[in-house]
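A quick write-up on the structure given underneath.
The values are calculated or read from the model by the stated rules, or taken from the named source; none is laboratory data. Quick caveat: nothing in here was measured; it's all calculated off a predicted structure. Virtual Cβ from ideal backbone geometry, glycine too; neighbours counted across all protein chains shown. These area figures cover heavy atoms from the full protein model, side chains too; ligands, DNA and RNA do not enter into them. Shrake-Rupley method; radii C 1.70, N 1.55, O 1.52, S 1.80 Å.
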Protein chains: 2
Amino acid sequence: MNKSSIIIVGSGESVSDLRYASRLSTPDEFIYFSAAGDPALHGVVVSDLEYGRALKNCPENFIILNSAEIGRGSILKQLSALAGKYDFREFIVPEYFPLALADDLRAAGISVRVRRGVFFPEREFKSSDEIELIRRPLRAAEAALRRAREVVAAAGIGNNGELIAEDGEILTSEKLRFEINSVLLRFNCSGVGTIAAGALQSALPHHVGSGPLFARTPIVMDIFPRDEDTGYWGDLTRTIIRGKAPEHIRKAFDCVRKVRDEAQKLIRPGAIPSEIHRFAAESFEQAHFFTGRDEHGTCGFFHSLGHGVGLDIHENPRLGPGNHKKLAGGEVVTIEPGLYYPEWGGIRMENLAAVKSDGIELLTEIDDLFEV
Amino acid sequence: MNKSSIIIVGSGESVSDLRYASRLSTPDEFIYFSAAGDPALHGVVVSDLEYGRALKNCPENFIILNSAEIGRGSILKQLSALAGKYDFREFIVPEYFPLALADDLRAAGISVRVRRGVFFPEREFKSSDEIELIRRPLRAAEAALRRAREVVAAAGIGNNGELIAEDGEILTSEKLRFEINSVLLRFNCSGVGTIAAGALQSALPHHVGSGPLFARTPIVMDIFPRDEDTGYWGDLTRTIIRGKAPEHIRKAFDCVRKVRDEAQKLIRPGAIPSEIHRFAAESFEQAHFFTGRDEHGTCGFFHSLGHGVGLDIHENPRLGPGNHKKLAGGEVVTIEPGLYYPEWGGIRMENLAAVKSDGIELLTEIDDLFEV
């Protein structure tokens with residue numbers, strides 16, 4: 001008799017744990033279950049509309065249940081029927097499990113226990129197949145970046161330093177983002193949130209950019225496509241400048257690139273993410289790039305050095321000050337130091353790498369070309 | 001002394017209630033609060049990185065708190081600090097509030113109560129400003145559909161009935177989706193999940209389509225762009241056919257269109273969604289289009305007639321068999337009957353309309369052109 005089961009509820013499109021466990025992605029909610037201590041008793045409860053897709057996509061040994069076996073009705077009803085069918089007395093659920101459903105299940109006498117932290121810690125470690133799936137959107141990002149560079153390089157420079165596109169119109173962040181996302185589409189990737197931010201907007205790491213772009217000020221392009229077929233993400237940032245960079249911006253660029261490349265050398269099994277992050281922060285300090293608040297606002301290097309990438313664009317491991325857990329090998333992480341100064345803008349340079357037994361395999365292939 | 005407050009936690013990008021209440025959309029999690037009985041005491045707790053964006057986007061009378069007022073740390077810590085600051089003893093949260101956070105708050109002595117059902121029922125009723133925001137992605141969908149029709153109309157027909165694009169290659173679902181999504185990009189809309197499904201795939205309402213498209217079989221195009229600036233969605237479905245439709249498919253098309261147009265006439269304040277849905281279902285039956293399971297699988301008209309559209313692509317009110325709540329006016333809904341037969345494919349025709357005092361205002365402007 002089975003007593004306890006893992007339960008995840010959601011749509012595969014928005015809940016990556018569900019997609020990871022079931023290989024199923026649907027617009028509608030469905031249920032994943034996996035009995036503790038009985039590896040054969042796991043599967044999904046799907047709507048009749050998704051039954052065919054589940055048969056095709058779920059692993060071979062999955063139990064696929066629909067309304068014929070479980071009955072129609074709400075997710076609560078289906079979960080109760082599932083508990084009855086297999087004599088589950090306790091559900092083990094992720095932190096993000098919906099509160100109302102948990103309250104209802106508890107009221108119905110089913111124990112609901114949260115598994116704290118990351119639900120599937122094994123997601124942190126990518127198989128070679130998964131690494132291939134991450135390469136695809138990363139190739140898309142690189143192709144898109146090449147196109148964006150071409151557009152900026154081909155732009156003329158107006159009287160006020162504004163960039164003039166080949167069609168004679170002012171080159172804006174919006175146009176550049178359109179060029180980037182158009183290339184992503186060719187790779188069947190979506191580019192929701194693509195950043196193409198110039199001048200002072202580039203000093204705000206989350207600003208997607210708007211309005212005219214200018215020569216001799218940084219243009220930060222952060223491109224993170226998701227492969228629509230597989231759900232895996234790529235992540236790439238480069239900063240470019242049209243024309244010759246002013247000396248202080250060139251210095252910042254050189255420093256960011258150097259810190260990224262030196263931080264990459266520290267990544268290997270056994271290395272501690274918080275220490276790699278601290279190395280980056282201290283390197284900036286030693287190069288006299290101040291981090292903190294000045295009269296203009298927050299400045300310097302004030303975000304994490306990097307993060308894991310997989311079925312979520314931000315996942316474990318975090319390469320930040322709070323993560324003291326040693327790398328083990330198999331992780332895929334970004335390394336993306338940046339410097340941001342409200343007086344002149346920002347620089348961010350981001351690579352993606354897989355942690356291997358003796359260091360990293362750099363997944364990013366594109367160069368660091370800065371002045372175009 | 002305030003005792004109780006609405007609390008929502010999430011990223012504005014994925015939690016529409018949060019975006020609705022705060023007008024803020026961020027990649028990172030933040031907190032929205034609104035004290036019961038004190039309209040002046042509402043605002044957000046955001047990271048320092050998002051402080052500037054919150055100042056710019058949130059309503060003028062919002063309290064905007066960051067780490068200086070609330071302290072750094074986890075969402076749990078910030079919520080506890082918020083409760084302390086304003087003497088909140090109870091949090092009223094949506095059904096989807098994360099269970100782990102609720103368990104922790106309860107353990108810390110803060111009562112957490114779920115508000116059942118839709119969290120902001122007023123989201124169902126759109127202001128004229130919101131209707132304008134919905135028109136934008138709808139216009140994008142219509143432009144994309146026009147382009148897709150051009151591509152199909154210009155296609156040649158190969159020896160096996162396959163469509164040949166102007167570049168001499170076989171016209172596939174993937175290519176058609178690319179053409180559609182490329183147009184959406186020009187409107188700053190993303191087209192994740194765009195459906196361009198032909199032949200037997202069109203009999204599966206959730207199939208996005210893959211592989212070659214053929215003449216004289218239906219091609220269902222379901223285009224639901226999201227405006228990246230505002231978060232509002234459009235929704236449009238048309239079915240087209242290259243060449244002359246076989247008689248049985250033409251008959252199904254005519255019937256779906258007639259049912260849609262007649263159902264639209266029933267929509268007005270006071271009308272009951274489940275009855276409008278039933279009207280559609282009965283109309284199909286009377287026209288001898290069988291719904292149910294036959295030897296080929298599920299067939300006929302087996303999904304809801306429509307749904308609300310706004311900051312979520314599927315929201316209230318549902319025009320389905322389960323919704324007996326009268327329409328009140330101000331809703332924006334799809335009307336999208338469909339017929340699906342595994343032997344030959346499917347037809348779906350979807351309009352979007354605003355419920356007005358005397359009926360509907362049709363937001364969809366594009367025609368129903370079928371044979372191209």
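Which distances in nm, rounded to one decimal and ordered from shortest, link the label point of B:PRO342 to the equivalent label points in the other identical copies, with labels set 7 Å from Cα toward Cβ?
Computed spacing set for this position: 6.4 nm.
Please list, in chain and number order, the residues 5+ apart from B:ARG318 or on another chain whose amide H is under 5 Å from its amide H, with Hs placed from the backbone.
Excluding prolines and chain starts, which carry no amide H, the hits are B:GLY308.
Once phi is turned into θ = phi - 60°, what whole-Hz ³J(HN,Hα) does the Karplus curve with 6.51, -1.76 and 1.60 give for every residue of region B:106-121, x standing for Gly and Pro?
Running phi through 6.51 cos²θ - 1.76 cosθ + 1.60 with θ = phi - 60° gives 4, 5, 8, x, 9, 6, 10, 10, 7, 7, 6, x, 5, 6, 10, x Hz.
Would you mind checking B:LYS3/B:LYS56; A:LYS77/B:LYS325; A:LYS258/A:LYS356 for any pair whose Cα atoms are more than 25 angstrom apart? Write out the running numbers ahead of the final one.
On the way: B:LYS3/B:LYS56 29 Å; A:LYS77/B:LYS325 22 Å; A:LYS258/A:LYS356 22 Å.
Where the Cα-Cα span goes over 25 Å, the pairs concerned are B:LYS3/B:LYS56.
Return the carbon/sulfur percentage of the accessible area of chain A, one whole number, probe 1.4 Å, all protein chains in place. Mind dumping the intermediate values first?
Values: 7780 of 15230 Å².
Exposed carbon and sulfur together represent 51 percent of the surface.
In percent, how large is the relative contact order of region A:180-231, given Cα pairs closer than 8 Å and 6 or more residues apart? The partial results should precede the final answer.
Working: 72 pairs, mean separation 22.0, N = 52.
Relative CO of region A:180-231 lands at 42 percent.
Compute, for chain B, the length of the dipole vector about the Cα centre, with Cβ point charges of +1 (Lys, Arg) and -1 (Asp, Glu) only. Units Debye, rounded to 20.
On the way: 43 positive and 53 negative charges, 103 e Å.
Computed about the Cα centre, the dipole is about 500 debye.
Under a 5 Å amide H to amide H cut-off, with H placed in plane at 1.01 Å, what residues pair with B:PHE125 once short-range neighbours are removed?
none
Placing a label point 7 Å from Cα toward Cβ, how far apart in nm is A:GLY292 from its equivalents in the other copies, listed shortest first to one decimal?
7.8
Treat region A:186-240 as a sphere of radius equal to its Kirkwood radius over Cα pairs and apply Stokes-Einstein at 10 °C in a medium of 1.306 mPa s; give the translational diffusion coefficient in µm²/s, rounded to a whole number.
Working: Rh = 11.9 Å.
Once the numbers are plugged in, D ends up at 133 µm²/s.
Among B:SER173, B:SER25, B:LEU363, whose Cα projects farthest towards the positive end of the dipole of the protein assembly as shown, with charges put on the beta-carbon of Lys, Arg (+1) and Asp, Glu (-1)?
Farthest towards the positive end: B:SER25.
Would you mind working out the magnitude of the charge dipole of the protein assembly as shown relative to its Cα centre, with +1 at each Lys and Arg C-beta and -1 at each Asp and Glu C-beta, to the nearest 20 Debye?
On the way: 86 positive and 106 negative charges, 175 e Å.
Roughly 840 debye for the protein assembly as shown.
If I take the Cα coordinates of region B:280-364 and project them onto the principal axes, what are the three extents in Å, biggest first?
Sorted from largest, the Cα extents of region B:280-364 read 44, 24, 21 Å.
In whole Å, how far is the Cα centre of region B:1-45 from that of region B:293-370?
32 Å
Can you pull out the trypsin sites (Lys or Arg not before Pro) in region A:97-149 that DSSP calls coil and that have at most 13 other Cβ atoms within 10 Å? Please list the in-between numbers first.
Working: sites: A:ARG106, A:ARG113, A:ARG115, A:ARG116, A:ARG123, A:LYS126, A:ARG135, A:ARG139, A:ARG146, A:ARG147, A:ARG149; in loops: A:ARG115, A:ARG116, A:LYS126.
Counting only loop positions with at most 13 other Cβ atoms within 10 Å, the trypsin sites (Lys or Arg not before Pro) in region A:97-149 are A:ARG116.
Quantify how strongly other chains surround peptide A:90-101 by giving the mean number of their Cβ atoms within 10 Å of each of its Cβ atoms.
Mean shielding by partner chains, rounded to a whole number: 5.
Pop out the ³J(HN,Hα) list for region B:28-36 in order, Karplus 6.51 cos²θ - 1.76 cosθ + 1.60 with θ = phi - 60°, rounded to Hz; leave Gly and Pro as x.
9, 5, 8, 10, 10, 9, 8, 5, 5
Using +1 at the Cβ of each Lys and Arg and -1 at the Cβ of each Asp and Glu in chain B, identify which of B:ILE272, B:VAL332, B:GLN201 lies farthest towards the dipole's positive end.
So the residue we want is B:ILE272.
Can you tell me which of B:THR334, B:THR291, B:THR194 moves the most in a GNM of chain B? Springs connect C-alpha atoms under 10 Å apart.
Among B:THR334, B:THR291, B:THR194, the largest mean-square fluctuation in the Gaussian network model of chain B belongs to B:THR291.
Could you please report the charge total around B:LEU171, scoring K, R as +1 and D, E as -1 over all other residues with beta-carbon less than 10 angstrom from its beta-carbon? Working shown, then result.
Details: positive: B:LYS175, B:ARG242; negative: B:GLU162, B:GLU166, B:ASP167, B:GLU169, B:GLU174, B:GLU179.
Around B:LEU171, the charge tally is -4.
Please report the relative contact order for chain B, taking Cα pairs under 8 Å with a sequence separation of at least 6, and give it as a percent rounded to a whole number. Don't skip to the answer; put the middle values down first.
Numbers: 800 pairs, mean separation 49.8, N = 372.
Answer for chain B is 13 percent.
Using +1 at the C-beta of Lys and Arg and -1 at the C-beta of Asp and Glu, which of B:ALA141, B:SER182, A:TYR51 has the Cα lying farthest in the positive direction of the dipole of the protein assembly as shown?
Result: A:TYR51.
Ignore the peptide's own chain and count Cβ atoms of other chains within 10 Å of each Cβ in B:176-188; give me the average, rounded. The partial results should precede the final answer.
Working: counts 0, 3, 5, 1, 1, 7, 5, 0, 2, 10, 2, 1, 4.
So the per-residue partner count for this stretch is 3.
Kindly identify region B:180-280 as rounded, prolate or oblate by the Cα gyration tensor criterion: order the square roots of the eigenvalues as a ≥ b ≥ c, call it rounded if a/c is under 1.5, otherwise compare a/b with b/c, prolate if a/b is larger, else oblate.
Values: a/c = 2.35, a/b = 1.04, b/c = 2.26.
Oblate is the answer for region B:180-280, as a/c is 1.5 or above yet b/c matches or exceeds a/b.
Using Cα pairs closer than 8 Å and at least 6 residues apart in sequence, work out the relative contact order for region A:62-193, in percent.
Details: 98 pairs, mean separation 20.4, N = 132.
Worked out over region A:62-193, it gives 15 percent.
Taking the protein assembly as shown on its own, what percent of its Cα-Cα pair distances exceed 37 Å? Working shown, then result.
Working: 123123 of 276396 pairs.
Percent of Cα pairs beyond 37 Å in the protein assembly as shown: 45.
Give the nm distances, rounded to one decimal, from A:ALA36 to the matching residue in every other copy, measuring between label points 7 Å along Cα toward the beta carbon; shortest first.
3.6
Calculate one ³J(HN,Hα) per residue across region A:308-325 by plugging θ = phi - 60° into the Karplus curve 6.51 cos²θ - 1.76 cosθ + 1.60, and present them in order as whole Hz with x for glycine and proline.
Karplus-based 3J(HN,Hα) across region A:308-325 equals x, 9, x, 6, 10, 6, 10, 9, 6, x, 8, 9, x, x, x, 9, 9, 8 Hz.
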